[in-house]
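Enquirer: Below you'll find the structure I mean.
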Amino acid sequence: MMENGQVTIFAEYSTFEDVSSFNEAINQWMNQYDRYFTKGEKLALTFLTRYSVKVVGVSNVKIATILKVIHEEYGGNGISRSTFKRMVSKAKKIGMIKTYTLKRTSGGQSSNLYVFQPYPNDGGSSSRKKQSGLAQSYVPKRRLHSNEPPYQQKLNHLIKTKEYKTNKLLNKRKESLDHSYTSDYVPYSFQNLAKNFFDCADTIESYWRMVRICAYKNNYETEQNLMIDTAIKAFKQTVRTMKKKTIHRPIAYFYGVLNNKFEDIYMFEVNELIEQQ
């Protein structure tokens, strides 16, 4: 295990002659594997490249540092530690990145060393220019932030559409199916709770779809247990509020509570990581 320090001591690991060739390689990787990464993972990759220019293609930046910068730059809408780690795992699998474990001077594991690799069989770069004095980094062709206005507009439209369809089905009681017809993609624990308040398969499925949308937005879509636990807590809070006052759009209120809880989880992860560093 190598000892951590200033990134310049790892210059020998660089596989690029200059920033231009590094940027070209990143673009080649992403042209080939763009769909392999989620929006959150591509955001994590973009910021990692920003910290890989002092020694071209090499970085020993702490995960907590990247998470904090993304969180601040995107107005509180950042990514989770698990999303960053999934990005690294995928990048390693395709050969884009190699990692090395580092240790602190005082002992104990420190941050990793990330070493970007050239795109295979590229035949050498045709634009071998001298590295400029200004640090450059890979700039994605399209905006990667999952919370941009068009997505929010689609989400609002989806909530209104689903709520309208749900109300329409509830008004046609003869055409409605009870909770026992709920699709298997809705976890049983969530079904079991929701059926006590909405004995309608379509309504229960609509609520779970909101969970999946919100989890995707907050980059927790692969953490099923966390999704279920958070959804149950948000649903109970929604029902509790409904018992005390009138909520004109319960499913929209549920989504708002759910989103707040996911953001609280993210901030807890970030603060915990910062304390550990």
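Enquirer: Spot the failing condition for T99; the list is (1) more than 22 Å from P120 (Cβ to Cβ); (2) in contact with a helix residue (DSSP H, G or I) (Cβ under 7 Å, 6 or more places away or on another chain); (3) loosely packed, with under 15 Cβ neighbours inside 10 Å, and only one is missed.
Expert: If we test T99 against (1) more than 22 Å from P120 (Cβ to Cβ); (2) in contact with a helix residue (DSSP H, G or I) (Cβ under 7 Å, 6 or more places away or on another chain); (3) loosely packed, with under 15 Cβ neighbours inside 10 Å, just (1) comes out false.
Enquirer: Which condition number in (1) under 22 Å from Y216 (Cβ atoms); (2) in a helix (DSSP H, G or I); (3) of a type outside the set (S, T, N, Q) is the one that E72 fails?
Expert: Of the numbered conditions (1) under 22 Å from Y216 (Cβ atoms); (2) in a helix (DSSP H, G or I); (3) of a type outside the set (S, T, N, Q), the odd one out for E72 is (1).
This table checks each residue for (1) assigned to a helix (DSSP H, G or I); (2) outside the structural domain of S111 (by TED's automatic domain parsing); (3) modelled with pLDDT of 90 or more; (4) under 30 Å from A44 (Cα atoms).
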position: T166; (1), (2), (3), (4): yes, yes, no, no
position: K174; (1), (2), (3), (4): yes, yes, no, no
position: S180; (1), (2), (3), (4): yes, yes, no, no
position: F198; (1), (2), (3), (4): no, yes, no, no
position: E205; (1), (2), (3), (4): yes, yes, yes, no
position: N225; (1), (2), (3), (4): yes, yes, yes, yes
position: K233; (1), (2), (3), (4): yes, yes, yes, yes
position: Y255; (1), (2), (3), (4): yes, yes, yes, yes
position: I265; (1), (2), (3), (4): yes, yes, no, yes
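Enquirer: Condition first: under 16 Å from P118 (Cβ atoms) and not basic (K, R). Can you find one or more residues in the stretch 75-87 that meet it?
Expert: no
Enquirer: Working only within the stretch 18-76, note down all residues that are among the hydroxyl-bearing types (S, T, Y) and touching a Ser or Thr at 6+ places or on another chain (Cβ under 9 Å).
Expert: Of everything in the stretch 18-76, those that are among the hydroxyl-bearing types (S, T, Y) and touching a Ser or Thr at 6+ places or on another chain (Cβ under 9 Å) turn out to be S20, S21, T38, T46, T49, Y51, S52, S59, T65.
Enquirer: So, one more: Just to be sure before I move on: is T8 of a type in the set (V, I, T) and surrounded by fewer than 17 Cβ atoms within 10 Å (Cβ to Cβ) in the structure I sent?
Expert: Yes, satisfied.
The values are calculated or read from the model by the stated rules, or taken from the named source; none is laboratory data. Just so it is clear, the structure is predicted and the values come from calculations on it, not from any experiment. A quick note on method: Cβ atoms are made from the backbone with ideal geometry, for glycine too, and the neighbour counts reach across all protein chains shown.
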